[in-house]
Amino acid sequence: MTDRRYSEEEVARIFKQAAEAQQTARRQLPSGEGMTITDLEAIGREVGIPSELVVQAARALDRSGAAEYPGYFGFRIRVGRTVDLDRRLTDDEWERLVVDLRETFDARGTVRTDGSLRQWTNGNLQALLEPTTTGHRLRLKTLNGNARNFMAAGLASVGVLGGVFVASILSVGSASIAEFIPMAIVGAGLFVLGAARLPRWAQTRARQMEGVAARLTLLIDANRAPPSQVGPGA
């Protein structure tokens with residue numbers, strides 16, 4: 001049996017796939033373990049990313065805050081994220097954060113200052129900057145009021161319907177279910193209409209908040225200076 005001969009195109013494809021397999025094997029995480037910053041820096045060097053950029057991005061991820069998803073009958077009707085910063089924002093950084101919020105959420109919003117508290121709000125969407133012992137804490141939160149209203153109206157309709165049905169049975173000894181079906185359909189429809197909007201909305205808002213938090217931490221790192229150099233506006 002003679003060895004098969006490969007064309008130039010086939011040779012290129014073979015070595016391309018082999019190189020990709022090698023990279024995948026190098027980057028595969030051990031079972032139950034993760035990667036250290038040293039591992040990430042090594043991978044960065046392989047693909048031409050400077051180590052300082054890898055470290056900076058990792059630090060931003062560490063401080064980008066925890067996501068908050070309070071439920072409403074099992075649905076994510078609220079989305080929030082809290083970011084603890086290791087120093088206070090300067091006036092310029094706060095203004096740039098407001099610009100980022102307006103661009104990210106496509107809303108002008110309203111800026112208010114109450115002593116050491118600052119906030120940007122647009123309806124149910126809020127960004128609150130609070131002082132802490134070590135710096136500032138940014139709270140991003142929002143509520144889908146329309147979806148909540150539809151779901152609440154649907155539940156209320158079904159609840160009232162159930163009460164009327166029970167009252168009818170108690171008063172006359174019987175009740176026709178067919179009479180209540182149209183109202184039940186309306187109530188269920190309102191609930192479904194509100195709930196159907198939530199998954200995509202919550203995913204979008206969570207992604208937007210994560211982006212705002214990440215960009216803010218990167219901005220702080222870029223502007224990091226000794227405490228003596230931070231202006232009085234901080």
Segment 136-155, subset modelled with pLDDT of 80 or more and among the aliphatic types (A, V, I, L, M), residue farthest from Ser116 (Cα to Cα): Ala153
Test set (1) modelled with pLDDT of 75 or more; (2) in contact with a helix residue (DSSP H, G or I) (Cβ under 9 Å, 6 or more places away or on another chain) - Gly233 fails condition number: (1)
Among the numbered criteria (1) closer than 13 Å to Leu219 by Cβ; (2) in contact (Cβ under 8 Å) with a residue 12 or more places away in the chain, which single criterion is violated by Val99? (2)
Go through (1) modelled with pLDDT under 65; (2) within 30 Å of Ala107 (Cβ to Cβ) for Ser176 and report which single condition fails. (2)
Give me the pairs, please: first residue somewhere in segment 109-133 and within 17 Å of Ala206 (Cα to Cα), second residue anywhere and of a type in the set (A, V, I, L, M, F, W, C) and in a loop (DSSP other than H, G, I, E, B), beta-carbon distance under 6 Å, and either six or more positions apart or on two chains. Asn122/Ala107
Is one or more of the residues making up segment 103-111 at pLDDT 90 or above, assigned by TED's automatic domain parsing to the domain that holds Gly211, assigned to a strand (DSSP E or B) and surrounded by fewer than 13 Cβ atoms within 10 Å (Cβ to Cβ)? yes
Members of segment 122-138 found to be crowded, with 16+ Cβ neighbours inside 10 Å and farther than 22 Å from Leu218 by Cα, listed by number: Asn122, Leu125
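The values are calculated or read from the model by the stated rules, or taken from the named source; none is laboratory data. Quantities reported herein were computed from a predicted structural model and do not represent experimental measurements. Note: ideal-geometry Cβ built from the backbone for every residue, glycine included; neighbour counts use all protein chains shown.
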